[in-house]
Amino acid sequence: LDKQNTRRRRDASQTALRMQTVMSTSLDAVIVTDIQGKILEFNKAAEEIFKVSKADVIDADLAEVIIPEHLREAHRAGMQRMRDSGEKRVVGKGRVRLEARRANGEVFPVELAIQSAKQSEDEIFIAFLRDISSTIEAEAALILARDKAQESEKAKADFLAVMSHEIRTPLNGLLGNLTLMRGTRLSQKQKNFCENMDISGRLLMSHVDKVLEITTYEAGKLTFESKPVNLSDLLQDLVDGQGGRAEMANNVLEWGWVGKPLDWVLSDPARLNQILLNLVGNAIKFTQHGRISIECEVVDDSDVVPTVEFRVIDTGVGVPPEDIDRIFEDFVTRDSSYVRLAAGTGLGLGIARRITRALGGKIGVRSTLGEGSTFWVRLPLERTSAAKASPSRKMRKQKSRQLEILVIEDNEINRQVAREMLKQEGHLVVEAEDGRTGIALAAEKKFDLILMDISMPVMDGRHATREIRAGHGASCAVPIVALTANVVPESASQFLQDGMNDVLGKPLMRDELRHLIATISEAAAPVVAQSNGDVAELLDSEQLREAKETIGPDSFAKLLTRFCTEGDEAVALLESLKGEAGELEEIVMRAHKLAGSSAVFGARSFREKLRALEAAARDGDNGEVLSLLGGLRQIWEPTRQALVIGQ
């Protein structure tokens, strides 16, 4: 027994020595207290951190030694709670961040973990504390750096938006007047001068667009849509559009499928065309007296989402081996003596790579210097059925009816361009120099269309649009189209939320303006004053009034505009379907969704038609589905008209 006791005392002594060594060499403060908060142990690191000696704090109250005054009450309440009920909120919960106090009164951040242990019949608490002042300072510095970086990015985006407006505004005047000039009697030499100036102006505008595109992508705000695209038609249009450029360099431009074609897919046609246009334009620039071929091939024929590879193959100068890895970087250009005069910004391939990645694809290049290059793009493209063909803008030959149009624009040159273009098309024009004047004119007279500039003195276009929509003036419900140099996608979305119906970018193009006027004329052509009985059949006026009161006039106008847009798109899509078995599920979904929206606006007849269509599609009644689809627009058009007039 004596030997055992001796061994136990020796072991206990060694254990205590080891624990003392651990505590004395620990870089973290180690503080041991009893259930009353009395300090039992206080290691060397604790002395250094709290600027007090162990001898001065042993048996002292922990709260008086290290707890800041503003936390002492909570600390004592927690200790009392443990003594009374045993509830522990911090003990054994891992690391937490709190504040502590040094002997000189300095309050500083700490990270601590507290554990409890039994000693004889008593419970003790061991706290491990670490001074994290430097960590907090580093985190604060990182947050500050991040905030500054974000502010810098925002400043850059704002700068580019302003510069876009400032550059596009004079461009609008320049290109618009060139368009007007070409409509006058000119000599052949003058026509050539106008054409050259027009080319230079459009080239400048394309450079601005590229910089804005990159900024939008880097900000994570690049927008995409998904709709049926005919790849064969897209490639043919691309070749037709670039054929003239290719011929100027004595090149042959052609396209074709390799293997079985895949015509209809779901994608963003504008973005897909942008990728291929950059690649084809690049090939034309670096090829003379050669051949440029666009090949399209299904390389992974998956059941639902096959991978399609587009290859742009040229016989041009090729890419040096040292440039292959950096050819898709921004501002990288290939130097060639015969293209120096046409050298661009070096942004086209960088934009193509960004868009390709955003669409979930890959892009690359194979090239032999002096022999040519093959740029390839692989994209996952979901199969889909053919969309209903819509008439091209170029097919609109009919002359639109005469409209009264209010042009709200602060720039005198831009007003003149818009006025002359509209007058040449046979329309009547009233002008306003700022948003406030425009509101007054719109309140007095009902126009057929309002063209609204965005950046104006006195009152900008967005504010003016909201005022017109919220009021009860004569033109509160007429189409308002933004005429602006700010064409960043998120800005266009904001314009629509303000109550605008569409956006026309500056510089104002005659074809775009004609298409807009034709659309407005077509929408307005069938407008005939509805009798009260007709309106009562179409609309539940009580439901419409209640919805407007509940939502509020401003929000109601925005939602109604959105509903009308969705209705136009849905009706057009439903009309394109044949009621076949594979399309019934789509019809059910579209009809159900649109019927729900129709109920909100009290469009009773249209809703009943949609519910009947939904039921017929669920039952698989192909004949009834076709019959209902055929009469859908006959109800939608007068319903839409009644909603717009009655809002």
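The values are calculated or read from the model by the stated rules, or taken from the named source; none is laboratory data. Keep in mind that what you see is a predicted model, and the values were worked out from it rather than measured. Virtual Cβ from ideal backbone geometry, glycine too; neighbours counted across all protein chains shown. Protein only, heavy atoms only, side chains kept; ligands, DNA and RNA dropped before computing areas. Shrake-Rupley method; radii C 1.70, N 1.55, O 1.52, S 1.80 Å.
Stokes-Einstein at 20 °C, 1.002 mPa s, Kirkwood radius from Cα pairs: D for the range 41-124 in µm² s⁻¹? Rounded to a whole number, D works out at 153 µm²/s. Quick one: net charge around G256, please, counting Lys, Arg +1 and Asp, Glu -1 for every other residue with C-beta under 12 Å from its C-beta. That works out to -2. Residue by residue, the range 630-640 carries 3J(HN,Hα) couplings of x, x, 5, 5, 5, 8, 5, 4, x, 5, 4 Hz when phi is fed to the Karplus relation 6.51 cos²θ - 1.76 cosθ + 1.60 (θ = phi - 60°); x denotes Gly or Pro. Rounded to the nearest whole Hz, the Karplus-based 3J(HN,Hα) values (6.51 cos²θ - 1.76 cosθ + 1.60, θ = phi - 60°) of the range 21-35 follow the sequence 5, 4, 5, 6, 9, 5, 7, 8, 5, 10, 10, 10, 10, 9, 5, with x at glycine and proline.
For the pair A270 and S26, label points projected 7 Å from Cα toward Cβ lie 6.3 nm apart.
Residues in the range 80-85 carry Karplus couplings, in order, of 5, 4, 5, 5, 7, 10 Hz; the curve used is 6.51 cos²θ - 1.76 cosθ + 1.60 with θ = phi - 60°, and Gly or Pro positions show x. Three semi-axes describe the equivalent ellipsoid of the range 404-461; taken as square roots of 5 times the Cα gyration tensor eigenvalues and ordered largest first, they are 18, 14, 7 Å. Subtracting the Cα-Cα distance of A60 and D619 from their residue separation scaled by 0.36 nm leaves 192.9 nm. Centre-to-centre, using Cα atoms only, the range 119-160 and the range 11-44 are separated by 30 Å. Using C-alpha pairs below 8 Å separated by at least 6 residues, the relative contact order for the range 561-647 is 31 percent. The range 255-282 and the range 575-647 have Cα centres lying 34 Å from one another. In this Cβ point-charge picture (+1 for Lys and Arg, -1 for Asp and Glu), the range 1-154 has a dipole of about 660 debye about its Cα centre. Calculated accessible area for the range 1-129 comes out at 63 Å² per residue, all protein chains present (probe 1.4 Å; ligands, DNA, RNA ignored).
Farthest toward the dipole's positive end in the range 76-197, which of M197, L180, M79, given Cβ charges of +1 (Lys, Arg) and -1 (Asp, Glu) about the Cα centre? Looking along the dipole axis, the top candidate is L180.
Relative to the 2.2 N^0.38 Å rule of thumb, the range 15-165 has a C-alpha radius of gyration ratio of 1.44. Other residues within the sphere of radius under 10 Å centred on the Cβ of A595, judged by their own Cβ, net out at +3 (K and R +1, D and E -1). Each residue, S200 and I167, gets one label point 7 Å from its Cα in the Cβ direction; the gap between the two is 1.6 nm.
On full extension, the segment bounded by L573 and R8 gains 194.5 nm, given 0.36 nm per residue less the C-alpha separation. Summing charges over neighbours of I136, with a neighbour being any other residue whose Cβ is under 12 Å away from its Cβ, gives -3 when K and R count +1 and D and E count -1. Exceedance of the 27 Å cut-off in Cα-Cα distance is limited, within the set K148/K362; K156/K285; K44/K93; K156/K506; K506/K558, to K148/K362; K156/K285. Think of the range 418-492 as a dipole: +1 on every Lys or Arg Cβ, -1 on every Asp or Glu Cβ, centred on the Cα centre; then among T484, A432, A470, A470 lies furthest on the positive end.
The listed residues M205, M421 rank as M205, M421 when sorted by accessible area, largest first, using a 1.4 Å probe. Solvent exposure of S116, expressed as accessible area, is near 40 Å², computed with a probe of 1.4 Å over the protein chains only.
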